Amino acid sequence: MATADLKNIRGIVLREFNYKESSKIIEVFTETMGKISISCQGVLKKNSKNLALTTRFILASFDLYKSGKEFYGLREGIVLNPYYKSNKNFDIILYKSAICDLLLRTIDHIQIGTVFTLLTNSFDAFEEAKKNQVNIFLGFLLKYISFSGFKPNFKTCGICGKNIRGKYLYFSPSESSAICDECKDQIFDRVFMTYEEFVYFNKLLYTKSEELEDIKLVEAYPKIGKIIIDYCLKNLDLATYPSLEWVKKALERNVNVL
């Protein structure tokens, strides 16, 4: 018996798949409940009014009911933002896939509202951006890993504590920190960065999502991108996954079409 009706649950569809002949199951990251699974009965039938609510990457408001332990059921809802433009761009779809697959693997239930705001801000930025969409993706990763307790430190050396300055700079994933030239030999996983790369890395973390497209790409942005991706995987204790591998391969090719 259906109980516990829930109305106006805002969420972004992370994943969708068909179930039986005429139904779908969607996994949604919601503003107040985190990740939930929703059974959408009959949405594949002709003239179903709810089919649009089950499309991956859309933002919607759902009216739900709870009848079992694992699933909610869909009554009705309204699409709040279909993200038409960005959901037709192959490169942005790739970024969104990597983000959604990350959230499916690592949901921090302590900061649901904060992560939801980051997610919607990033999707809004993808929709409006005309260039440098890679910045929005990398900015999302850095902010998300920071919410998970691994915010990179760019101000002081992670070993001696001195303010970071000069042209010889390093970043250590294990220390989650910049490392000064004097302490570099104490760290096995240090990665050298030019001052320009260091500033770019720093801006990705502290710039608002809607302003990230305005950050000029440095020549070695693929190197910074790989550092950020590996840093997130390591600290979230994750193995890589297919959609993220596609992003990494694009960065390795150093093809600036994004």
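Some observations on this one:
- Selection count where residues are free of Cβ contacts under 8 Å to residues at least 40 places away in the same chain and in contact with a Ser or Thr (Cβ under 9 Å, 6 or more places away or on another chain), scope the stretch 56-73: 2
- Of the residues contained in the stretch 145-164, one or more are found to be in a helix (DSSP H, G or I) and touching a residue at least 40 places away in the same chain (Cβ under 8 Å).
- Every condition in (1) assigned to a loop (DSSP other than H, G, I, E, B); (2) assigned by the TED database to the domain that holds Ile145; (3) among the hydrophobic types (A, V, I, L, M, F, W, C) holds for Ala98 except the one numbered (1).
- Considering residues of the stretch 12-55 that are within 28 Å of the chain's Cα centre (by Cα) and free of Cβ contacts under 8 Å to residues at least 24 places away in the same chain only, the residue least open to solvent (accessible area, probe 1.4 Å): Ser23
- Counted as qualifying within the stretch 1-87 are the strands (runs of 3 or more DSSP E) with 3 or more residues that are in contact with a strand residue (DSSP E or B) (Cβ under 6 Å, 6 or more places away or on another chain) and of a type in the set (Val, Ile, Thr), namely 3-19, 23-30.
- Unmet requirement for Trp246, which otherwise passes all of (1) of a type outside the set (A, V, I, L, M); (2) in contact with a Leu (Cβ under 6 Å, 6 or more places away or on another chain); (3) surrounded by 16 or more Cβ atoms within 10 Å (Cβ to Cβ): (3)
- Among all positions in the stretch 85-108, there is no residue which is modelled with pLDDT of 95 or more and more than 24 Å from Val247 (Cβ to Cβ).
- Search result, residues across the stretch 145-182 that are open to solvent by 20 Å² or more (accessible area, probe 1.4 Å), farther than 18 Å from Leu236 by Cβ and touching a helix residue (DSSP H, G or I) at 6+ places or on another chain (Cβ under 6 Å): Ile159, Cys160, Lys167, Tyr168, Tyr170
The values are calculated or read from the model by the stated rules, or taken from the named source; none is laboratory data. Just so it is clear, the structure is predicted and the values come from calculations on it, not from any experiment. A quick note on method: Cβ atoms are made from the backbone with ideal geometry, for glycine too, and the neighbour counts reach across all protein chains shown. SASA here: full protein model, heavy atoms, side chains in, ligands and nucleic acids out. Shrake-Rupley method; radii C 1.70, N 1.55, O 1.52, S 1.80 Å.
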